[in-house]
Amino acid sequence: MKDVCFCDETFEILVEAEVSADPIWCNKCKANLDLDELPISEELKAELYEWNSTFSNHLASHNYNGITQSFSEWLNASGENLTKKLSAELTNTYVIQYHPYESIIKEK
Ligand SMILES: [Zn+2]
């Protein structure tokens, strides 16, 4: 993709859940990217939006202190799965990496 971040052109994408921003980043300059810039299906975009908003809601309901162990397992397994789907849709031109979310709250 051209002119979407601080690089002239990037084909390195990082997937990481984020509050109030799309969950994709340039893996070179770390700029947050707009999901709409990615040449992927509407279906996969919707899945990524939903995954990210589930994360935001969970974080908000724990006063932004972190996420629980069981939620982190779900988040990271789903994140890996979405990253695989992205790689499949974006073919070999792009290198996609998933960054797991680790801030864990102890469950009572
Ligand atoms: Zn960049």
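The values are calculated or read from the model by the stated rules, or taken from the named source; none is laboratory data. Model, not experiment: these values are computed from the prediction. Please note: Cβ atoms are built from the backbone with ideal geometry, for glycine as well, and neighbour counts cover all protein chains shown. Ligands, DNA and RNA are excluded from the accessible area calculation, which covers all protein heavy atoms including side chains. Shrake-Rupley method; radii C 1.70, N 1.55, O 1.52, S 1.80 Å.
Observations on the model:
- Among the chymotrypsin sites (Phe, Trp or Tyr not before Pro) in segment 1-34, those placed in a DSSP loop whose Cβ has at most 15 other Cβ atoms within 10 Å are PHE6, PHE11.
- Taking the C-alpha atoms only, the angle from helix 69-90 to the longest principal axis of the chain is near 10 degrees.
- Ranked order, VAL15, VAL4, VAL95 - accessible area, probe 1.4 Å, largest first: VAL95, VAL4, VAL15
- Seen from THR93, the other residues with C-beta closer than 12 Å to its C-beta sum to a net charge of -3, counting Lys and Arg as +1 and Asp and Glu as -1.
- Dipole-positive endmost among ALA17, ALA46, VAL95 within the chain (Cβ charges, Cα centre): ALA17
- Estimated from helices alone, the mean residue ellipticity of the chain at 222 nm is -13500 deg cm²/dmol (sum of -39500 (n - 2.57) over DSSP H runs with n ≥ 4, per residue).
- The chain: angle of helix 42-61 to the longest principal axis, Cα-based, in degrees nearest 10: 30 degrees
- Annotation: LEU33 carries an accessible surface of approximately 10 Å², with a 1.4 Å probe and no ligand, DNA or RNA atoms counted.
- Difference of contour (0.36 nm per residue) and Cα-Cα distance, HIS62 to ASN81: 4.4 nm
- The overall shape of segment 12-98 is prolate: from the C-alpha gyration tensor, with semi-axes ordered a ≥ b ≥ c, the ratio a/c is 1.5 or greater and a/b exceeds b/c.
- The loop-placed trypsin sites (Lys or Arg not before Pro) in segment 1-100, going by DSSP, that have at most 12 neighbouring Cβ atoms within 10 Å of their Cβ come out as LYS30.
- Taking all protein chains together, CYS7, CYS26 sort by accessible area into CYS7, CYS26, largest first [probe 1.4 Å].
- Overall, the chain carries a charge dipole of about 420 debye about its Cα centre when +1 sits on the Cβ of Lys and Arg and -1 on the Cβ of Asp and Glu, all other atoms neutral.
- Computed with every protein chain present, the accessible area of ASP8 is close to 130 Å² [probe 1.4 Å].
- Rounded to the nearest 10 square angstrom, LEU35 shows an accessible area of 0 square angstrom against a 1.4 Å probe.
- Value of relative contact order over the chain, rounded to a whole percent, pairs C-alpha under 8 Å and six or more apart: 30 percent
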